[in-house]
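Undergrad: Got a structure for you, written out below as structure tokens; questions coming shortly.
Rule-based calculations on the coordinates, nothing more; no lab input. On a predicted model such as this, the values are computed, not experimentally measured, just so you know. With ideal geometry, Cβ positions are generated from the backbone for all residues, glycine too; neighbour counts draw on all protein chains shown.
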Amino acid sequence: MDKFEAAYEDYKSRQTNNDQTADTSGKEEIVAVRRNDEDNIIAVKTNTGRELDYPAALAEAKAGNLAHTDVFHKYGRDILRSEPDGTKENNLSELPEF
């Protein structure tokens, strides 16, 4: 194994360990989404029943208040997504609508 492969394997093992120890206690989870006519997510509903418009959901995710979500910057704006964990069923695109 060369130094690049070793560095990548080290990176993967740290990422996996961090994901397994993430503290989600006390955080709300997104359980449903609302879409517009262009199929864009415009609002989310949490497991506590709160309905958040998209900008509010982004703010909550950035503050670390929503479990299993990430915010990344693309196309000149922030975008909300579920954590990439390899499970299709919990992706925002797969959640039921409300």
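Undergrad: On a 0 to 90° scale, report how tilted helix 3-20 is relative to the longest principal axis of the chain, with both axes built from alpha carbons and the result rounded to the nearest 10.
TA: Around 40 degrees separate the two axes.
Undergrad: Here is a follow-up. Let me have the relative contact order for the chain, percent, based on Cα pairs under 8 Å that are six or more residues apart.
TA: It rounds to 22 percent for the chain.
Undergrad: Simple spin-label model, 7 Å along Cα-to-Cβ: Ala63 to Phe4 in nm?
TA: About 4.3 nm, to one decimal.
Undergrad: Here's another thing I want to ask about it. Going by the alpha-carbon gyration tensor, a ≥ b ≥ c the square roots of its eigenvalues, is the range 27-94 rounded (a/c under 1.5) or, if a/c is not under 1.5, prolate (a/b greater than b/c) versus oblate?
TA: Values: a/c = 1.11, a/b = 1.07, b/c = 1.03.
Rounded is the answer for the range 27-94, as its axis ratio a/c remains below 1.5.
Undergrad: Out of residues 5 or more away from Ile42 or on other chains, whose amide H comes under 5 Å of its own, with H placed 1.01 Å from N in the peptide plane?
TA: Here the answer is Arg34, Arg35, Asn36, since their amide H atoms fall under 5 Å of that of Ile42.
Undergrad: While we're here: Each residue of the range 38-45 in turn: what ³J(HN,Hα) in whole Hz from Karplus with 6.51, -1.76, 1.60 and θ = phi - 60°, glycine and Pro shown as x?
TA: Listing the rounded values in order: 8, 6, 8, 6, 10, 7, 10, 10 Hz.
Undergrad: Can you give me the long-range amide H partners of Ser82? Hydrogens built in the peptide plane at 1.01 Å from N, cutoff under 5 Å, separation of 5 or more residues or another chain.
TA: Here the answer is Asp70, Leu92, since their amide H atoms fall under 5 Å of that of Ser82.
Undergrad: Check the straight Cα-Cα distances from Lys12 and name the aspartates and glutamates below 14 Å, setting aside those fewer than 8 residues away within the same chain.
TA: Counting by Cα, and skipping residues close in sequence, Lys12 has these aspartates and glutamates nearby: Asp85.
Undergrad: Same structure again: Given the rule -39500 (n - 2.57) for each run of at least 4 DSSP H residues, summed and divided by the residues of the chain, what is its mean residue ellipticity at 222 nm, to the nearest 500 deg cm²/dmol?
TA: Roughly -9000 deg cm²/dmol at 222 nm, from the helical runs in the chain.
Undergrad: Let me spell out the model: positive unit charges on the Cβ of Lys and Arg, negative unit charges on the Cβ of Asp and Glu, origin at the Cα centre of the chain. What dipole size does that give, in debye rounded to 20? Don't skip to the answer; put the middle values down first.
TA: Values: 13 positive and 21 negative charges, 46 e Å.
Computed charge dipole of the chain: roughly 220 debye.
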